[in-house]
Amino acid sequence: MAARRGLSIINADSRQVYHGIPIVTAMPSPGELAAVRHHLIDMLPLDAYYSAARFEQDALAIARREIEEHGEVIVCGGSMLYIDAFCHGIDDLPEVPDDIRRRTYADHAERGDDWALEELRRLDPEYYGIVDRRNMKRVIHALEIMRACGRTLTSLRTGRHAEREFEIDFRYIDLPRPELFDRINRRVDAMVEAGLEEEARRVYPLRGLNSLNTVGLKEMFSWFDGAMTRHDAIERIKKNTRVYAKKQITWHKKRTSDQRS
């Protein structure tokens with residue numbers, strides 16, 4: 001679509017912003033990057049901090065420039081929080097100092113998920129009641145923010161939607177589930193063939209970084225740690241990718257339904 005219309009693409013995948021993990025993130029190929037200009041992609045070292053709030057600022061600045069010059073722009077990616085931030089805005093939460101971020105991740109690495117969840121329940125029971133407790137990135141980020149400002153995350157969340165001066169057209173590719181799941185399974189096999197294991201081993205010493213907390217690497221790291229076999233790790237990647245795809249479909253259906261209404 002971008003090539004046909006002479007448009008550029010703003011990446012909205014929260015992991016494709018980083019250098020060094022092109023296989024696990026399914027980074028666009030050199031040919032695709034040469035054919036269409038991409039923004040906010042392959043631009044940060046793995047230890048850099050990036051957030052939905054920063055993405056909102058960066059993506060809006062690019063989108064406004066592209067819309068003024070070309071009339072429209074394509075935003076493409078799978079991070080639902082990033083797309084929500086671009087379309088509707090995100091609460092202006094305080095910036096977390098690096099020392100608090102490092103200490104919070106160190107506490108989680110030492111004490112585990114149960115500690116993080118109990119700490120969130122103790123500090124902000126209202127947010128604990130609505131957060132996806134399987135999404136440890138979000139749980140830990142809530143702890144970081146509360147440690148940084150001394151207030152509950154609930155008190156900082158406004159729920160207001162920002163108005164955009166441009167129209168937004170949501171689109172997603174819908175396939176029959178058997179075909180979708182078969183393509184996901186074959187894609188994972190292709191990633192393994194392309195060198196996923198080697199890529200994962202290269203970044204394994206940095207496994208505590210938030211940028212590496214993603215499907216494909218987490219399972220590989222569990223294999224390297226001896227928690228599962230290589231076969232089981234690959235099958236788990238397929239399963240977790242299918243689960244995430246279903247979440248994306250549900251999310252997009254709701255938003256396209258809201259858009260029509």
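The values are calculated or read from the model by the stated rules, or taken from the named source; none is laboratory data. Bear in mind that the values here come from a model prediction, so they are computed numbers and not experimental data. Backbone-built Cβ (ideal geometry, glycine too); neighbour counts: all protein chains shown. Accessible surface is based on the protein model in full, side chains and every heavy atom, while ligands, DNA and RNA are left aside. Shrake-Rupley method; radii C 1.70, N 1.55, O 1.52, S 1.80 Å.
Points to keep in mind about this one:
- Note, ³J(HN,Hα) from phi for the stretch 159-173, Karplus 6.51, -1.76, 1.60, rounded to Hz, x at Gly and Pro: x, 7, 9, 6, 8, 10, 8, 10, 7, 10, 10, 7, 9, 9, 7
- Over the chain, DSSP H runs of length four or greater, each weighted -39,500 (n - 2.57), average out per residue to a 222 nm ellipticity of -17500 deg cm²/dmol.
- Global geometry of the stretch 139-245, whether rounded, prolate or oblate, following the gyration tensor of its Cα atoms and the 1.5 cut on a/c: oblate
- Against the criterion of solvent-accessible heavy-atom surface with a 1.4 angstrom probe, 55, 170 sort, most first, into 170, 55.
- Area accessible to solvent at residue 202, 1.4 Å probe radius, in Å²: 140
- GNM result for the chain, Cα springs below 10 Å: residue of 87, 149, 76 fluctuating most strongly: 149
- Accessible area (Å², per residue) of the stretch 1-132, counting only protein heavy atoms and a probe of 1.4 Å: 52
- Most mobile of 237, 41, 100 in a GNM of the chain (Cα contacts under 10 Å): 100
- For the chain, the fraction of C-alpha pairs more than 35 angstrom apart is 18%.
- Part-to-part distance (alpha-carbon centres) for the stretch 145-185 and the stretch 81-144, which is given in Å: 16
- Solvent-accessible area of residue 253 with every protein chain in place, 1.4 Å probe, in Å² to the nearest 10: 90
- Heavy-atom surface of the stretch 186-261, accessible at 1.4 Å and reported per residue (Å²): 58
- By accessible area, using a 1.4 Å probe on protein heavy atoms only, the chain has 49% of its surface on carbon and sulfur.
- Within the stretch 132-150: backbone nitrogen closer than 18 Å to the residue 49 label point (7 Å, Cα to C-beta): 137-150
- Accessible-area order (highest first, 1.4 angstrom probe) of the listed residues 102, 134, 242: 134, 102, 242
- For the chain, modelled as a GNM whose springs connect Cα atoms under 10 angstrom apart, the maximal fluctuation among 21, 173, 74 occurs at 173.
- Heavy-atom accessible area order for 146, 80, largest first, 1.4 Å probe: 80, 146
- Close amide H pairs (under 5 Å, H built 1.01 Å from N) link residue 44 with 18, 19, residues at least 5 positions away or on another chain.
- The heavy atoms of residue 38 offer some 40 square angstrom of accessible surface to a 1.4 angstrom probe.
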